[in-house]
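The values are calculated or read from the model by the stated rules, or taken from the named source; none is laboratory data. As the structure is a computational prediction, the values presented were derived from the model and not from experiment. FYI the Cβ positions are ideal-geometry reconstructions off the backbone, even for glycines, and counts take in every protein chain you see. Heads up: the accessible areas ignore ligands, DNA and RNA and are worked out on the full protein's heavy atoms, side chains in. Shrake-Rupley method; radii C 1.70, N 1.55, O 1.52, S 1.80 Å.
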Amino acid sequence: MSPAGTTVLKLSGVSKSFPPATRALIAADLEMRAGEVHALLGENGAGKSTLSRIVAGLLAPDAGQMSLQGEPYIPRGRREAQGRGVRMVMQELNLIPTLTIAESIFLDRLPRRLGFIRRTELNARALPLLREVGLGSVDPETPIGALGVGLRQMVEIAAGLSERCDVLILDEPTAALTDEETALLFHSINRLRAAGVAIIYISHRMNEIARIADRVTILRDGAIVATRAAAGLALDEIIRLMVGRELSRAAVRAAQASRTDIALRVAGLRAEPAVRDVSFELHRGEILGFAGLMGSGRTETMRAIFGADAKQAGEIYLGGSSAPESIRSPRDAVRRGIALLTEDRKGQGLLLPWSVRHNITLAAMASVRGTAGWIDAARENADAHRLVETLGIRCSGIDQPVRELSGGNQQKVIIARWLYRDCEILIFDEPTRGIDIGAKFEIYRLLADLAARGKAIIVISSELPELLAICDRIAVLSAGVLVRTFAAREFDPDAIMAAALTHHVKPHGADPAGTGDTNTGATANTPDAGRAA
């Protein structure tokens, strides 16, 4: 390892273009120092991934020079980069579930004798690497498939450290981690920093940058616009540099006056084990936020309302009706004008190989069906074009595969689908997860526009500042119970957090919900696990 503060990696005028005319990286200059965490920030498409993939040997630059430890650095592939001490842990992990932890760390260097793996030696070699990333108590023979995402991330880092590592690139490392796993990751990063490793850290989560980064480099439209010390760098300044314009949370949306026009009423909803007692009203033209700690039951509540999960008790009413609705499946919910935009937009929301056009019209095929049951292509094209323009979806055309779009634009495609279906009640589960700061504000404004048009909107978010910025009211769940709803004039982060803790912090042996459950921990296997208010 190099002494702390010395230059390990240097890029000068590095550029990269993709056909037909996309300039992904423009004359980038970057210097990495030993023992520092250097954050790369920018909107989706700003050039962060292109720069990191060039450094990791996954892409060849079109122009410019790189040096590593003072020597020319021109990797012709990932393996050659790793041989020079440059490793990258990508957001999409590449581990094989059926292999053990030790096998995954030394996959291409398994100790053998007479063709058989020497497992005692293999496990002994894995243990010090696991200790280095905080997994010293984990059995190296544990199958990868038995680990959560956070522990898999640690195994990837351990594999990276199994050989020489001078530069480590972490691409959105906390995107799917719980708070506990994130703390473990940051502990490992600090140990690597102390050992002199230079770390490139890519993240959309601004709060992490202040916690972990020494310096910040900001990219916009393929060019580096600034490199600053992380200490004292204000969020407003970061946003201005990233998007090239001022974005104020205060300007997103002012809270609206109290409304009486009920769109949805939920009474005594119970869907064990995650949802115990939830009752609330949602009004037309309102944005109602849902906050809560991990395991609070936010996602499960919405799935039960949408008919995706069975409920044991409770009633759902639409409009001012006194007769409850029978919603037993998502099809029932959609027919009644309810849409659920899941937090997993790629796995549950979109058909990634399909075009923007087909993803938009998917939920309302009857609207584009012509004579004899065939699709009216002209009508479908016109409707898709209209929604792309209305929502500002950035794409090369309506026939572009949706997998090629940025996260923010993919989210807009899902919103377009439900607008095309003309749903009156829109439930957004983590609508800005994995989306850059500029795209977040576009989503915020889109939600505000939808509310202004009279749509009734529910937003689940793990970012409390997000809820405070866009919501008229915030409902707080604690261990499956809706404990309080805050009006805008009552918004107070401390009070909201105290409400979220109501049923998570209780006397030893107590069971305030009357369920016979005295476990004070979160429900680890729920979709909400690992997220905070």
Rounded Å value of the spacing that divides the Cα centres of segment 174-227 and segment 471-497 | 31
Would you calculate the separation in nanometres between label points at Asp494 and Ala195, each defined as 7 Å from the Cα along the Cα-to-beta-carbon direction?
-> 4.2
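Would you please put 420-433, 470-483, 324-337 in order of how densely packed they are, using the mean number of other Cβ atoms within 10 angstrom per residue and starting with the highest? Show your work: numbers first, answer last.
Values: 420-433: 21.6, 470-483: 25.1, 324-337: 15.2.
Going from most to least packed, we get 470-483, 420-433, 324-337.
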Ignoring any ligand, DNA or RNA, what whole percent of the accessible area of the chain comes from carbon and sulfur when the probe is 1.4 angstrom?
-> 50
Given H placed on each backbone N at 1.01 Å, which residues far from Ser478 in sequence or on other chains put an amide H within less than 5 Å of it?
-> Val483
Once the dipole of the chain is set up with Lys and Arg at +1 and Asp and Glu at -1 on Cβ about the Cα centre, which of Val155, Ser462, Thr299 lies farthest towards its positive end?
-> Val155
R0 of 45 Å, Cβ-Cβ distance Glu80-Arg445: FRET efficiency to nearest 0.05 | 0.50
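Taking only DSSP H segments of four or more residues, each worth -39500 (n - 2.57), what value at 222 nm results for the chain once the sum is divided by all its residues, to the nearest 500 deg cm²/dmol? It would help to have the intermediate numbers written out before the result.
Working: 16 runs with 159 residues, N = 533.
So the helix-based figure for the chain works out to -8500 deg cm²/dmol.
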Amide H neighbours of Ala226 under 5 Å, counting only residues 5+ apart in sequence or on other chains, H built in-plane at 1.01 Å?
-> Ile218
For segment 439-451, 3J(HN,Hα) per residue [Karplus equation, 6.51 cos²θ - 1.76 cosθ + 1.60, θ = phi - 60°, Hz, x = Gly/Pro] = 5, 4, 5, 5, 5, 4, 5, 5, 4, 4, 5, 5, 5
Gyration tensor on Cα atoms of segment 303-389, a ≥ b ≥ c root eigenvalues, a/c under 1.5 rounded, else prolate if a/b beats b/c, else oblate, says prolate
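Just to confirm, what accessible area per residue do you get for the chain at 1.4 Å probe, in whole Å²?
On the way: 22890 Å² over 533 residues.
Spelled out: the 1.4 Å probe surface of the chain, per residue, equals 43 Å².
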Could you tell me whether segment 6-154 comes out rounded, prolate or oblate from its Cα gyration tensor? Rule is a ≥ b ≥ c as square roots of the eigenvalues, rounded for a/c under 1.5, then prolate if a/b exceeds b/c, otherwise oblate.
-> prolate
Which of the residue pairs Lys48/Lys440; Lys311/Lys455; Lys16/Lys346; Lys412/Lys455; Lys10/Lys48 have a Cα-Cα distance greater than 20 Å in the structure shown?
-> Lys311/Lys455; Lys16/Lys346
Compactness of segment 144-212 - radius of gyration and Dmax, Cα, Å | 11.8, 33
